[in-house]
Ligand code: 5GP
Ligand code: ZN
């Protein structure tokens, strides 16, 4: 499979590795939102958040916390974002699941431009029911 993150995991492509254990690798993003923007990548390939096995997800989140602490400490941050893009429409460009950790600064002009909606009482129940009916733990 021609997956850029699998190649990084196997050290076939260079990367600035911040942390690595048996299951997970964390690297600097090559095109950062802010300098220090990191990625946390499971070593086993899987396309996205919906497909990652629970134990790998646990490992990824654990390493995300470890690396986020290091980024906050080293860059003396007041805040940061963690996020994951899932699906092309959501901005995913590498189809090997990963978390982003990006520093935030005052007035850094990074924002979702959102037009917030409100629910009518009925439609809120409708949406909640739709989702509740599809929960399969
Ligand atoms: P996505 O758009 O899928 O959420 O995030 C993919 C991220 O991987 C992007 O932020 C992009 O800059 C980063 N990226 C893509 N190719 C490489 C690479 O070869 N090396 C590194 N370090 N980051 C990469
Ligand atoms: Zn992969």
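The values are calculated or read from the model by the stated rules, or taken from the named source; none is laboratory data. Because the structure is predicted, anything quoted here is derived from the model rather than measured. So basically every Cβ, Gly included, is an ideal-geometry build from the backbone, and we count neighbours across all protein chains shown.
Only one of these is at pLDDT 95 or above and in contact with a helix residue (DSSP H, G or I) (Cβ under 7 Å, 6 or more places away or on another chain): 125, 135, 66, 82. Name it. Give the steps one after another, and end with the answer.
Working: 125 fails: in contact with a helix residue (DSSP H, G or I) (Cβ under 7 Å, 6 or more places away or on another chain); 135 fails: in contact with a helix residue (DSSP H, G or I) (Cβ under 7 Å, 6 or more places away or on another chain); 66 fails: in contact with a helix residue (DSSP H, G or I) (Cβ under 7 Å, 6 or more places away or on another chain).
Result of the check over 125, 135, 66, 82: 82.
Is it true that some residue in the stretch 25-42 is more than 16 Å from ligand 1 (Cβ to nearest atom) and at pLDDT 95 or above? Walk me through it before giving the result.
To start, the set of residues in the stretch 25-42 that are more than 16 Å from ligand 1 (Cβ to nearest atom) comprises none.
Checked the stretch 25-42: no residue is more than 16 Å from ligand 1 (Cβ to nearest atom) and at pLDDT 95 or above.
Kindly indicate the residue of the stretch 1-16 that is more than 12 Å from ligand 2 (Cβ to nearest atom) and loosely packed, with under 11 Cβ neighbours inside 10 Å and also farthest from residue 45 (Cα to Cα) among those meeting that condition. Walk me through it before giving the result.
The initial filter retains those residues of the stretch 1-16 that are more than 12 Å from ligand 2 (Cβ to nearest atom), namely 11, 14-16.
Now restrict to residues that are loosely packed, with under 11 Cβ neighbours inside 10 Å: 14, 16.
Details: 14: 18, 16: 20 Å.
It comes out as 16.
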Determine, yes or no, whether residue 11 is within 16 Å of the chain's Cα centre (by Cα) and away from ligand 1 (no atom under 11 Å from the Cβ). no
Among residues belonging to the stretch 96-126 that are within 16 Å of ligand 2 (Cβ to nearest atom) and assigned to a loop (DSSP other than H, G, I, E, B), point out the one that is nearest to residue 64 (Cα to Cα). 98
In the stretch 75-95, anything assigned to a helix (DSSP H, G or I) and either touching a strand residue (DSSP E or B) at 6+ places or on another chain (Cβ under 7 Å) or surrounded by 14 or more Cβ atoms within 10 Å (Cβ to Cβ) (or both) is listed as 75
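It is to be established whether one or more residues within the stretch 43-60 are in a strand (DSSP E or B), at pLDDT 95 or above and farther than 17 Å from residue 103 by Cα. Explain how you work it out, then say what you get.
Taking the stretch 43-60 first, the residues in a strand (DSSP E or B) are none.
No, that holds for no residue.
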Take the residues of the stretch 17-28 that are more than 16 Å from ligand 2 (Cβ to nearest atom) and in a loop (DSSP other than H, G, I, E, B): which is surrounded by the most Cβ atoms within 10 Å (Cβ to Cβ)? 21
Residues satisfying the stated conditions in the stretch 32-42, i.e. more than 24 Å from residue 76 (Cα to Cα) and surrounded by fewer than 18 Cβ atoms within 10 Å (Cβ to Cβ): none
Working carefully through the options 67, 72, 63, find the one that is within 12 Å of the chain's Cα centre (by Cα), crowded, with 16+ Cβ neighbours inside 10 Å and part of a helix (DSSP H, G or I). 63
